[in-house]
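Below is one structure, written out as C-alpha coordinates; the observations come after it.
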Amino acid sequence: MSRLFLIRHGQASFLEQNYDKLSTMGETQSHLLGEYWGQRRVAFQRIYSGPRTRQMETARIVGEEYKKAGLPWPEAQILQEFDEYQGEWVMESSLDGLAGSNPQVRELQQDFLKAKSLQEKHKSFQKLFEAVIGKWVSGEIQVEDAEPWPEFCARVNRGLVQVCGGNGGKENIAIFSSGGPIGVALQRALELSPENTLKIAWMARNCSFSEFLFSGDRFTLSSFNELPHLDDSSLVTYR
(Lines give C-alpha, C1' and ligand atoms only; values in the text may rest on other atoms or scores of the structure.)
Protein backbone atom coordinates (compact mmCIF):
# COMPACT_ATOMS: atom_id res chain seq x y z
CA MET A 1 0.00 0.00 0.00
CA SER A 2 1.11 3.56 -0.70
CA ARG A 3 0.30 6.56 1.47
CA LEU A 4 -1.12 9.85 0.24
CA PHE A 5 -0.94 12.87 2.53
CA LEU A 6 -3.26 15.77 1.69
CA ILE A 7 -2.14 18.94 3.47
CA ARG A 8 -4.25 22.04 3.83
CA HIS A 9 -2.20 25.20 3.37
CA GLY A 10 -1.14 27.27 6.36
CA GLN A 11 -3.30 30.18 7.45
CA ALA A 12 -3.82 32.66 4.62
CA SER A 13 -4.20 36.44 4.89
CA PHE A 14 -7.85 36.76 5.92
CA LEU A 15 -9.40 40.22 5.40
CA GLU A 16 -6.30 41.54 3.66
CA GLN A 17 -6.38 42.83 0.08
CA ASN A 18 -4.55 39.72 -1.11
CA TYR A 19 -5.95 36.68 0.67
CA ASP A 20 -3.81 34.29 -1.36
CA LYS A 21 -0.62 34.49 0.67
CA LEU A 22 0.41 32.97 3.96
CA SER A 23 0.04 35.05 7.09
CA THR A 24 2.84 35.08 9.65
CA MET A 25 0.85 32.42 11.50
CA GLY A 26 0.61 30.34 8.32
CA GLU A 27 4.37 30.50 7.84
CA THR A 28 4.93 29.37 11.42
CA GLN A 29 2.49 26.47 11.01
CA SER A 30 4.29 25.37 7.84
CA HIS A 31 7.75 25.51 9.44
CA LEU A 32 6.50 23.40 12.34
CA LEU A 33 5.05 20.77 10.01
CA GLY A 34 8.37 20.52 8.18
CA GLU A 35 10.26 20.23 11.46
CA TYR A 36 7.87 17.55 12.73
CA TRP A 37 8.12 15.34 9.66
CA GLY A 38 11.85 15.96 9.34
CA GLN A 39 12.57 14.93 12.91
CA ARG A 40 10.69 11.69 12.25
CA ARG A 41 12.43 11.27 8.89
CA VAL A 42 9.18 10.86 6.99
CA ALA A 43 10.39 10.44 3.40
CA PHE A 44 8.32 11.47 0.38
CA GLN A 45 8.90 10.16 -3.11
CA ARG A 46 6.61 12.67 -4.83
CA ILE A 47 5.37 16.16 -3.91
CA TYR A 48 2.47 17.99 -5.56
CA SER A 49 0.87 21.36 -4.99
CA GLY A 50 -2.16 23.23 -6.20
CA PRO A 51 -1.45 26.48 -8.11
CA ARG A 52 -2.43 28.96 -5.39
CA THR A 53 0.35 30.95 -3.73
CA ARG A 54 -0.74 29.82 -0.26
CA GLN A 55 -0.54 26.17 -1.35
CA MET A 56 2.85 26.48 -3.05
CA GLU A 57 4.33 28.51 -0.19
CA THR A 58 3.29 25.89 2.36
CA ALA A 59 5.04 23.21 0.31
CA ARG A 60 8.13 25.41 -0.09
CA ILE A 61 8.46 26.14 3.64
CA VAL A 62 8.00 22.49 4.61
CA GLY A 63 10.70 21.65 2.07
CA GLU A 64 13.04 24.26 3.57
CA GLU A 65 12.91 22.45 6.91
CA TYR A 66 13.77 19.16 5.18
CA LYS A 67 16.76 20.75 3.49
CA LYS A 68 17.96 22.23 6.79
CA ALA A 69 17.91 18.72 8.23
CA GLY A 70 19.86 17.37 5.26
CA LEU A 71 16.89 15.30 4.05
CA PRO A 72 15.74 14.89 0.44
CA TRP A 73 12.69 16.85 -0.68
CA PRO A 74 11.47 16.26 -4.25
CA GLU A 75 10.64 19.31 -6.33
CA ALA A 76 6.94 20.07 -6.10
CA GLN A 77 4.91 19.47 -9.24
CA ILE A 78 2.09 22.00 -9.71
CA LEU A 79 -1.25 20.44 -10.64
CA GLN A 80 -4.23 22.63 -11.50
CA GLU A 81 -6.51 19.77 -10.43
CA PHE A 82 -5.82 20.61 -6.77
CA ASP A 83 -6.82 24.27 -6.99
CA GLU A 84 -9.58 25.33 -4.58
CA TYR A 85 -13.16 25.97 -5.69
CA GLN A 86 -14.01 29.60 -6.46
CA GLY A 87 -15.57 30.44 -3.11
CA GLU A 88 -14.42 34.06 -3.09
CA TRP A 89 -16.00 34.71 -6.51
CA VAL A 90 -19.22 32.97 -5.52
CA MET A 91 -19.45 35.20 -2.43
CA GLU A 92 -18.60 38.38 -4.32
CA SER A 93 -21.06 37.66 -7.11
CA SER A 94 -24.06 36.48 -5.12
CA LEU A 95 -23.95 37.97 -1.62
CA ASP A 96 -25.74 41.25 -2.28
CA GLY A 97 -28.55 39.56 -4.19
CA LEU A 98 -28.99 36.90 -1.53
CA ALA A 99 -28.92 39.45 1.28
CA GLY A 100 -31.69 41.37 -0.47
CA SER A 101 -33.95 38.34 -0.82
CA ASN A 102 -33.00 36.00 2.03
CA PRO A 103 -33.53 37.17 5.65
CA GLN A 104 -31.08 34.59 7.05
CA VAL A 105 -28.25 35.68 4.76
CA ARG A 106 -29.07 39.35 5.41
CA GLU A 107 -28.83 38.80 9.18
CA LEU A 108 -25.52 36.94 8.84
CA GLN A 109 -24.15 39.71 6.66
CA GLN A 110 -25.10 42.31 9.27
CA ASP A 111 -23.47 40.24 12.01
CA PHE A 112 -20.23 40.21 10.02
CA LEU A 113 -20.35 43.94 9.30
CA LYS A 114 -20.93 44.71 13.00
CA ALA A 115 -18.16 42.40 14.26
CA LYS A 116 -15.37 44.33 15.97
CA SER A 117 -12.65 41.90 16.99
CA LEU A 118 -10.76 39.71 14.53
CA GLN A 119 -12.09 36.62 16.29
CA GLU A 120 -15.67 37.85 15.88
CA LYS A 121 -15.01 38.63 12.21
CA HIS A 122 -13.61 35.14 11.62
CA LYS A 123 -16.59 33.48 13.29
CA SER A 124 -19.29 35.62 11.66
CA PHE A 125 -17.69 35.44 8.21
CA GLN A 126 -17.50 31.65 8.38
CA LYS A 127 -21.23 31.41 9.14
CA LEU A 128 -22.01 33.76 6.25
CA PHE A 129 -19.65 31.88 3.92
CA GLU A 130 -21.22 28.53 4.80
CA ALA A 131 -24.71 29.83 4.14
CA VAL A 132 -23.87 31.26 0.72
CA ILE A 133 -21.63 28.42 -0.49
CA GLY A 134 -24.15 25.86 0.75
CA LYS A 135 -26.81 27.39 -1.50
CA TRP A 136 -24.41 27.31 -4.44
CA VAL A 137 -23.42 23.67 -3.90
CA SER A 138 -27.07 22.60 -3.60
CA GLY A 139 -27.88 24.34 -6.89
CA GLU A 140 -30.16 26.91 -5.26
CA ILE A 141 -28.11 29.71 -6.83
CA GLN A 142 -26.08 29.82 -10.05
CA VAL A 143 -22.95 31.93 -10.44
CA GLU A 144 -21.80 32.99 -13.88
CA ASP A 145 -18.13 32.28 -14.69
CA ALA A 146 -17.71 30.04 -11.63
CA GLU A 147 -16.75 26.40 -12.08
CA PRO A 148 -19.85 24.49 -10.87
CA TRP A 149 -19.44 22.30 -7.80
CA PRO A 150 -19.90 18.98 -9.70
CA GLU A 151 -17.19 20.02 -12.17
CA PHE A 152 -14.89 21.02 -9.30
CA CYS A 153 -15.34 17.58 -7.72
CA ALA A 154 -14.70 15.88 -11.07
CA ARG A 155 -11.52 17.93 -11.54
CA VAL A 156 -10.12 16.97 -8.14
CA ASN A 157 -10.97 13.32 -8.75
CA ARG A 158 -9.07 13.46 -12.05
CA GLY A 159 -6.07 14.71 -10.10
CA LEU A 160 -6.36 11.93 -7.55
CA VAL A 161 -6.57 9.32 -10.31
CA GLN A 162 -3.51 10.86 -11.98
CA VAL A 163 -1.44 10.90 -8.79
CA CYS A 164 -2.48 7.47 -7.54
CA GLY A 165 -2.33 5.93 -11.00
CA GLY A 166 1.35 6.84 -11.25
CA ASN A 167 2.14 4.66 -8.25
CA GLY A 168 5.32 2.71 -8.86
CA GLY A 169 5.17 0.69 -5.66
CA LYS A 170 5.11 1.55 -2.00
CA GLU A 171 5.40 5.34 -1.86
CA ASN A 172 4.69 8.33 0.35
CA ILE A 173 3.12 11.17 -1.64
CA ALA A 174 2.22 14.66 -0.40
CA ILE A 175 -0.28 17.05 -1.99
CA PHE A 176 -0.46 20.62 -0.67
CA SER A 177 -3.93 21.95 -1.37
CA SER A 178 -7.01 23.42 0.33
CA GLY A 179 -10.12 22.38 2.24
CA GLY A 180 -12.25 21.75 -0.84
CA PRO A 181 -9.99 19.15 -2.49
CA ILE A 182 -9.48 17.49 0.90
CA GLY A 183 -13.26 17.21 1.19
CA VAL A 184 -13.47 15.64 -2.28
CA ALA A 185 -10.81 13.07 -1.33
CA LEU A 186 -12.87 12.20 1.73
CA GLN A 187 -15.96 11.95 -0.46
CA ARG A 188 -14.07 9.51 -2.68
CA ALA A 189 -12.99 7.38 0.29
CA LEU A 190 -16.27 7.51 2.26
CA GLU A 191 -18.93 8.01 -0.46
CA LEU A 192 -20.20 11.26 1.08
CA SER A 193 -23.09 13.35 -0.25
CA PRO A 194 -22.24 16.78 -1.75
CA GLU A 195 -23.61 18.49 1.37
CA ASN A 196 -21.53 16.36 3.75
CA THR A 197 -18.47 16.77 1.52
CA LEU A 198 -18.78 20.53 1.95
CA LYS A 199 -19.29 20.26 5.70
CA ILE A 200 -16.23 18.11 6.22
CA ALA A 201 -14.15 20.39 3.96
CA TRP A 202 -14.89 23.25 6.36
CA MET A 203 -13.54 21.17 9.24
CA ALA A 204 -10.03 21.04 7.77
CA ARG A 205 -7.69 23.09 9.95
CA ASN A 206 -4.84 25.18 8.59
CA CYS A 207 -1.71 23.12 7.89
CA SER A 208 -3.43 19.90 8.98
CA PHE A 209 -2.81 16.69 7.09
CA SER A 210 -5.08 13.79 6.23
CA GLU A 211 -3.69 10.39 5.28
CA PHE A 212 -5.11 8.00 2.70
CA LEU A 213 -3.99 4.51 1.73
CA PHE A 214 -4.21 3.40 -1.88
CA SER A 215 -3.39 0.49 -4.12
CA GLY A 216 -5.01 -0.20 -7.48
CA ASP A 217 -8.68 0.80 -7.18
CA ARG A 218 -8.54 0.90 -3.39
CA PHE A 219 -8.57 4.37 -1.81
CA THR A 220 -9.24 4.47 1.93
CA LEU A 221 -9.03 7.03 4.72
CA SER A 222 -6.42 6.39 7.41
CA SER A 223 -6.58 9.67 9.39
CA PHE A 224 -8.18 13.10 9.07
CA ASN A 225 -7.25 16.64 10.12
CA GLU A 226 -4.06 15.72 12.01
CA LEU A 227 -2.08 18.45 13.81
CA PRO A 228 0.57 16.70 15.95
CA HIS A 229 3.07 19.43 15.00
CA LEU A 230 0.96 22.19 16.58
CA ASP A 231 1.06 21.37 20.29
CA ASP A 232 0.10 24.95 21.24
CA SER A 233 -3.66 25.53 20.86
CA SER A 234 -3.02 29.17 19.93
CA LEU A 235 -1.50 27.93 16.66
CA VAL A 236 -4.66 26.04 15.64
CA THR A 237 -6.73 28.01 13.11
CA TYR A 238 -9.47 27.33 10.57
CA ARG A 239 -9.33 30.49 8.47
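The values are calculated or read from the model by the stated rules, or taken from the named source; none is laboratory data. On a predicted model such as this, the values are computed, not experimentally measured, just so you know. So basically every Cβ, Gly included, is an ideal-geometry build from the backbone, and we count neighbours across all protein chains shown. What goes into the accessible areas is simple: the full protein's heavy atoms, side chains included, and nothing from ligands, DNA or RNA. Shrake-Rupley method; radii C 1.70, N 1.55, O 1.52, S 1.80 Å.
Element breakdown for the chain at a 1.4 angstrom probe: carbon and sulfur atoms account for 48% of the accessible area.
Considering only Leu190, Leu79, Leu33, the Gaussian network model of the chain with Cα springs below 10 Å gives its largest mean-square fluctuation to Leu190. Karplus-based coupling profile of segment 80-97, in residue order and whole Hz: 4, 4, 9, 5, 6, 5, 8, x, 4, 5, 4, 4, 4, 7, 10, 4, 4, x, with θ = phi - 60° in 6.51 cos²θ - 1.76 cosθ + 1.60 and x standing for Gly or Pro.
Only bridges whose two residues both fall in the chain count here: according to DSSP, what percent of them are antiparallel, nearest 5? Given both bridge residues lie in the chain, the antiparallel proportion sits at roughly 50 percent. In this simple spin-label approximation, Met203 and Glu151 carry label points 7 Å from Cα along the Cα→Cβ vector, and these lie 3.0 nm apart. Computed from Cα positions, the angle between helix 53-68 and the longest principal axis of the chain comes to roughly 30 degrees.
State to the nearest 20 debye the size of the charge dipole of segment 1-136 about its Cα centre, where the only charges are +1 on K and R beta carbons and -1 on D and E beta carbons.
Values: 18 positive and 18 negative charges, 96 e Å.
Using only the charged Cβ atoms, the result is roughly 460 debye.
Under a model in which nothing but the beta-carbon of Lys, Arg (+1) and Asp, Glu (-1) is charged, segment 109-184 shows a dipole of about 340 debye around its Cα centre.
Accessible area per residue for the chain in Å², computed with a 1.4 Å probe and the full protein assembly in place, what is it?
48 Å²
Can you pull out the trypsin sites (Lys or Arg not before Pro) in segment 27-78 whose DSSP state is coil and whose Cβ has at most 11 other Cβ atoms within 10 Å? Filter output for segment 27-78: Arg40, Arg41. For segment 45-75 versus segment 4-34, the spacing of their alpha-carbon centroids is 13 Å. Anyone know which of Gly159, Gly100, Gly26 comes out most mobile in the 10 Å Cα GNM of the chain? Result for the chain, Cα springs under 10 Å: Gly100 fluctuates most. Principal-axis analysis of the Cα atoms of the chain puts helix 103-114 at an angle of about 70° to the longest axis.
Of Lys21/Lys135; Lys123/Lys199; Lys127/Lys199, which ones are farther than 20 Å apart at the Cα?
Where the Cα-Cα span goes over 20 Å, the pairs concerned are Lys21/Lys135.
When only Cα pairs below 8 angstrom with a gap of at least 6 residues are kept, segment 1-95 shows a relative contact order of 27 percent.
Cα convex hull, segment 1-73: 82 Å³ per residue, rounded to a whole number. Pairwise alpha-carbon distances in segment 98-159 exceed 18 Å for 47% of all pairs.
For the Cα atoms of the chain, what angle does the longest principal axis make with the long axis of helix 24-39, in degrees from 0 to 90, nearest 10? With both axes taken from Cα atoms, the answer is about 30 degrees. As a calculated quantity, the FRET efficiency between Leu15 and Gln162 at R0 = 41 Å, using C-beta atoms, amounts to about 0.75.
The H on the amide N of Ile175, modeled in the peptide plane, is under 5 Å from the matching H of Phe5, Leu6, Ile7, Tyr48, each at least 5 residues off or on a different chain. In this structure, the amide hydrogen of Val236, modeled 1.01 Å from its nitrogen in the peptide plane, lies closer than 5 angstrom to no residue at least 5 positions away or on a different chain. Here each label is just a point 7 Å from Cα along the line to Cβ, and for Glu140 and Gln45 those points are 4.6 nm apart.
So, with +1 on the Cβ of K and R and -1 on the Cβ of D and E, and no other charges, what is the size of the charge dipole of the chain about its Cα centre, to the nearest 20 debye?
Details: 26 positive and 31 negative charges, 131 e Å.
Magnitude of the dipole: close to 620 debye.
Coupling constants for segment 181-192 follow from the phi torsions by the Karplus curve (6.51 cos²θ - 1.76 cosθ + 1.60, θ = phi - 60°), and in residue order they are x, 5, x, 5, 4, 5, 4, 5, 6, 10, 6, 7 Hz; glycine and proline get x.
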